[in-house]
Amino acid sequence: MKITFCGGAGGIVTGSCHLVETKGKKILFDCGLFQGSKEVEAKNREPFLFDPQKIDFILITHAHLDHIGRLPQLIKEGFEGKIFATPPTADFTRIILEDSLKVLEEKSRRAGVMPIFAPNEVEHVMKHFEAVEHRQSKKLAWGLSFKFHDAGHILGSAVIELEAEGKKIIFSGDLGNGVMPLTPPPEKLNEADFVLLESTYGDRNHESISESKEIIENAVEDAVARQGVILIPSFALERAQQIIYHLNDLAERRRIPSLPVFVDSPLACAATEIYRRYSKYWSQEAKERKNTGDDIFAFPGLKFTSSGKESKEINGVAPPKVIIAGSGMSQGGRILHHEARYLEDENNILLLVTYQAAGTLGRKLADGEKTVEILDQEIAVRARVEKISGYSSHADQRFLMDWVKNFQKNVCPADKNKPGCLKKVFLVHGEEQSSATLAGLIRDEVGVEAVTPKIGEEIKI
Ligand SMILES: [Zn+2]
């Protein structure tokens, strides 16, 4: 059996893609888009590190673009097999791919190249999907099967467990941080021969979720007192729903006064509908609230504004009000119009609830820059800027270590060949420093070999 690390490895966080070859079959874990710097994104135009026609199956962990974004290319280049994913992941894939088209077209236009996929190709991708529920074993061939377990990262996200040649390979995908109110914590697994573990936050810990909720509560109270506007740039998937969930909770318990809250993003509106449809994937807490008759995505004042016309009408609503809009790092989307309009007023508050990558407008605002350019206008930032880190949908160092330690009881250095005994951990999906720090900790505290493979590296297992 052989694994080739084709993306989301060797210090690159995006482009998740790993190839397992076993029993004459080729299985791909994820097929993600490279995102970030120009050099990283250039990889999307390089040939795949394998022949797409020879791939038999694809297993998808979740529908973030850096895990599914190259599926249309793969199909265009001859992949004819099945793509397995949980039902929510299949539904999210469609809206995420469709939503990404506009941004990809714009980028290609600027670069003077053809977009990497066209609108009609999304439908071609969807025809290959076959839904598989969490914890349901699926046979691919004789002696070759897989199971999805809940990864607790976004709704329906999965950890892959592949069984082949009598060995178990676990791919964590993106692992949740275990404290999110809406998504259940990642399932604890304890038997594997090899683990591929994400390491996005391999060198850091997050602040607690209750602190984050408190910052939101205080900001809303403050904005009401000052008749201000709260702007929340947010990812449309998971983060927006988490914020709505917490605002709903605060409103239901009368911890915050009633005020208009706008979810101003067509993608967030579509994603919330999918969240509603799949309540069986919610956390226990969210399910219990639903059973008591609480609609967790509705409270007085909350309005989803999908159309451009509805979005413009927000301007006419007198403050106080809350506006949640994409993109999460203020790199585009409707949030820019609101930031241009409201950041100059000192009564307003900008709440940054997602990670802000270097070079983005969001990062400049997080760093406290007083003058920024938005939509070709110079904007003097007088609004208060607050940063919240507790909403991360990625496990932090502490949680990653706890999760991987579940395999510890099966670490048996005396008999390395025993099936089910953890032999090696591969750290993927992290910047170099993060992956290396986590690898060191795993070697020390779990007592097992831990390595950080490079893109293109083939390892026989
Ligand atoms: Zn993800």
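Working note: Cα gyration tensor of the chain, eigenvalues times five, square-rooted, sorted largest first, giving semi-axes of 38, 24, 21 Å. For region 69-149, what's the relative contact order in percent, using C-alpha pairs closer than 8 Å and at least 6 residues apart? Answer for region 69-149 is 37 percent.
When the charge dipole of region 214-357 is built from unit charges on Cβ atoms (+1 for Lys and Arg, -1 for Asp and Glu) and taken about the Cα centre, the candidate among Ala240, Tyr355, Pro257 whose Cα reaches farthest toward its positive end is Ala240.
Taking all Cα pairs closer than 8 Å and separated by 6 or more residues, the relative contact order of region 129-174 comes to 28 percent. For the chain, the longest principal axis of the C-alpha atoms and the axis of helix 239-252 are separated by about 50°. Converting phi to 3J(HN,Hα) with the Karplus coefficients 6.51, -1.76 and 1.60 and the offset θ = phi - 60°, region 45-56 yields 9, 7, x, 4, 7, 8, 8, x, 5, 9, 7, 8 Hz in sequence order, with x at every glycine or proline. The convex hull drawn around the Cα atoms of region 1-128, when projected onto a plane and averaged over every direction, covers 7.4 nm².
Across the accessible surface of region 238-359, with the other protein chains kept in place and a 1.4 Å probe, carbon and sulfur atoms take up 50 percent. Dividing the mean sequence gap of close Cα pairs (under 8 Å, 6+ apart) by how many residues the chain holds gives a relative contact order of 20 percent. Summarising the amide proton neighbourhood of Val322: residues at separation of 5 or more, or on other chains, whose placed amide H is nearer than 5 Å comprise Ile230, Val261, Phe262. Between amide H atoms placed 1.01 Å from N, distances below 5 Å from Phe84 occur with Ile58, Leu59, Ile60, Glu130, all of them 5 or more places distant or on a separate chain. Annotation for region 231-293 versus region 3-21: alpha-carbon center distance of 33 Å.
Among beta bridges from DSSP that stay inside the chain, the antiparallel ones total about 45%.
Globularity index of region 150-274 is 1.34 (Cα radius of gyration / 2.2 N^0.38 Å, N = number of residues).
Taking the mean number of other Cβ atoms within 10 Å as a proxy for protection, how do you rank 113-119, 376-382 from highest to lowest?
Most protected by this proxy first, the peptides run 113-119, 376-382.
Helix 432-445 and the longest principal axis of the Cα set of the chain meet at an angle near 60°. When the helices of the chain are scored as -39500 (n - 2.57) per DSSP H run of n ≥ 4 and the total is divided over every residue, the value at 222 nm lands at -9000 deg cm²/dmol.
Net charge around Ala151, counting only other residues with Cβ within less than 10 Å of its Cβ (Lys, Arg = +1; Asp, Glu = -1)?
-4
Placing +1 on the Cβ of every Lys and Arg and -1 on the Cβ of every Asp and Glu, with nothing else charged, gives the chain a dipole about its Cα centre of roughly 900 debye.
Across region 60-72, computed HN-Hα scalar couplings (Karplus, 6.51 cos²θ - 1.76 cosθ + 1.60, θ = phi - 60°) run 9, 7, 6, 9, 5, 4, 6, 10, 10, x, 9, 4, x Hz from first to last residue, x flagging Gly and Pro. Binning all Cα-Cα separations of region 44-110 at 5 Å, short to long from zero, yields these whole-percent fractions: 3, 15, 25, 24, 19, 10, 3, 0.
Skip the ligands, DNA and RNA, and give the accessible area per residue of region 219-287 with a 1.4 Å probe, whole Å². Could the numbers behind the result be given before it?
Working: 2400 Å² over 69 residues.
The answer is 35 Å² per residue.
3J(HN,Hα) along region 255-267: 7, 10, x, 6, 8, x, 10, 10, 9, 9, 7, x, 5 Hz, from the Karplus curve 6.51 cos²θ - 1.76 cosθ + 1.60 with θ = phi - 60°, whole Hz, x for Gly and Pro. Principal-axis analysis of the Cα atoms of the chain puts helix 209-226 at an angle of about 20° to the longest axis.
Residues whose amide H falls under 5 Å from that of Gly420, counting only those 5 or more places apart or on a different chain, are Lys168, Asp193, with hydrogens built in the peptide plane. Cross-linked pairs Lys409/Lys460; Lys76/Lys127; Lys2/Lys423; Lys167/Lys280; Lys26/Lys76; Lys43/Lys460: Cα-Cα separations exceed 20 Å for Lys409/Lys460; Lys167/Lys280; Lys43/Lys460. In the calculated pair-distance distribution of region 326-400, the portion above 15 angstrom amounts to 55 percent of the Cα-Cα pairs. The peptide list 443-449, 60-66, put in order of mean Cβ contacts within 10 Å with the highest first, becomes 60-66, 443-449.
The values are calculated or read from the model by the stated rules, or taken from the named source; none is laboratory data. On a predicted model such as this, the values are computed, not experimentally measured, just so you know. Heads up, the Cβs are rebuilt from the backbone with ideal geometry, glycines too, and the neighbour counts pull from every protein chain shown. Ligands, DNA and RNA are stripped out before the accessible areas are found, and what is left, the full protein with its side chains, is counted by its heavy atoms. Shrake-Rupley method; radii C 1.70, N 1.55, O 1.52, S 1.80 Å.
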